[in-house]
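All remarks here apply to the structure that follows.
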Ligand SMILES: Cc1ncc(COP(=O)(O)O)c(C=O)c1O
């Protein structure tokens, strides 16, 4: 098999181009699962690139679980697990707003997430071993010394100027040109989303969300007395715009809340064209978009995906994020670009808690300015890519046949769809007795969907946990058996 010669793209490292060329051949099924790909030496000859370039390209493809090395034998295309279906079935009767009541289940899963005696496959927390713990601690101490007065004072909205300047610089990579003055710092991304919902909605209003939906969004919607309208989403494309259009035609919607990049729990990354369409559709209907981009920096590919905000022309998109997934969830450093709602949201922020803590904002600003944040991101992206793929493959080995699992291109979450009839809530109770937690599917819907689904966090995955995951798969299999007998 010969691989067509490269046409070089300026700005893309050569090894990435080589990797993408091979990945494309796998995607087109020129190389199929189990096929051997060209040896390093022969590909280097065919493409007229160095041996090291091919080695790096194959390293990248291994990280992305496109190929795997077999000792003494060469590189082979990885086996594929069935993916979640591409097109959701859109049924008119499903597109109706619902009241929300998942609080009890969410409380229980959150409480269980603190138990040190359980293997934590549940909450979407980062692995502290992969965070720059020592570095951010040093920077906190240094900034507290350096800004003796400032660090004890209120960091009045819009918040720490140094931090906002650094965030504005980073936003260029997300495709957004934003001045520091347009950014408001918050206490985590959760507060940013909550402020946006509070500022825009009144009790009884309808909020469009993806389905499945990150369960804390449902809790915020419930706390504000709002209704959720769940729009089917797929791993390939995120929220279905066809279903959204239908829903907007048939409902009065106040606001849309979405996670276009590396969705929680699906891991989907909306293609750029779809993001553009989403922003245009909502602008046309006068419906603001609250965008949560908390996982945006955690993509496995060579380019950071742009935020939907990049296509916003008139301040209709409220972009929200934080450093909880990449640096320190306990620091509670979040931020938002409130767009045309800035004055209103800043006022609300001040009424809520006056300001966010100054010391941690200063520490984050220092880390972004000169703490090797990009290098750190490159490292955790590579590790998460490997862990997510390793865990997905282990699910393929141990869960009942016909189980489907997502293949995220970023973040650290996996969404698992087990055969119909396996009840994730009953499985949760059994899994707890065997010393592990996960997030059961019904948490991710106000409309009672996803009973046979679960979300797993791969941030802590190591091959040593395969036995625990195998137990979970076996328990699921036994439940299938229970049903059949
Ligand atoms: C999509 C999403 N948004 C927000 C949050 C919470 O962010 P923070 O800790 O910054 O409030 C999480 C945490 O799991 C999340 O997954």
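Throughout, read-outs are computed from the coordinates displayed, never taken from laboratory work. Keep in mind that what you see is a predicted model, and the values were worked out from it rather than measured. Virtual Cβ from ideal backbone geometry, glycine too; neighbours counted across all protein chains shown.
Miscellaneous remarks
- Size-normalised alpha-carbon gyration radius of the chain, reference 2.2 N^0.38 Å: 0.99
- Relative contact order of the stretch 363-485, taken over Cα pairs closer than 8 Å and 6 or more residues apart, is 29 percent.
- Put the Cα centre of the stretch 168-208 next to the Cα centre of the stretch 257-305 and the gap is 14 Å.
- Förster radius 22 Å - calculated FRET efficiency between residue 70 and residue 30, Cβ distance, rounded to 0.05: 0.65
- Protection proxy ranking of 317-325, 174-182 - average other beta-carbon atoms within 10 Å, highest first: 317-325, 174-182
- Note on residue 110 and residue 344: with the Förster distance fixed at 25 Å, the Cβ-Cβ geometry gives a FRET efficiency of about 0.25.
- Over the chain: helical MRE at 222 nm, DSSP H runs n ≥ 4 each giving -39500 (n - 2.57), nearest 500: -13000 deg cm²/dmol
- Mean separation of Cα contacts under 8 Å, 6 or more apart, over the residue count of the stretch 14-77: relative contact order %: 43 percent
- Relative contact order of the stretch 132-373, defined on C-alpha pairs under 8 angstrom at six or more residues apart (%): 30 percent
- Taking each residue as 0.36 nm, the span from residue 285 to residue 425 lengthens on full extension beyond its C-alpha to C-alpha distance by 46.5 nm.
- Of all beta bridges that DSSP places with both ends in the chain, some 60 percent have antiparallel geometry.
- As a calculated quantity, the FRET efficiency between residue 378 and residue 464 at R0 = 22 Å, using C-beta atoms, amounts to about 0.30.
- Each peptide among 469-479, 444-454, 185-195, 271-281 gets the average number of other Cβ atoms lying within 10 Å of its residues, and from highest to lowest they stand as 185-195, 444-454, 469-479, 271-281.
- Additional length obtainable on full extension of the chain from residue 52 to residue 149, 0.36 nm per residue less Cα span: 29.7 nm
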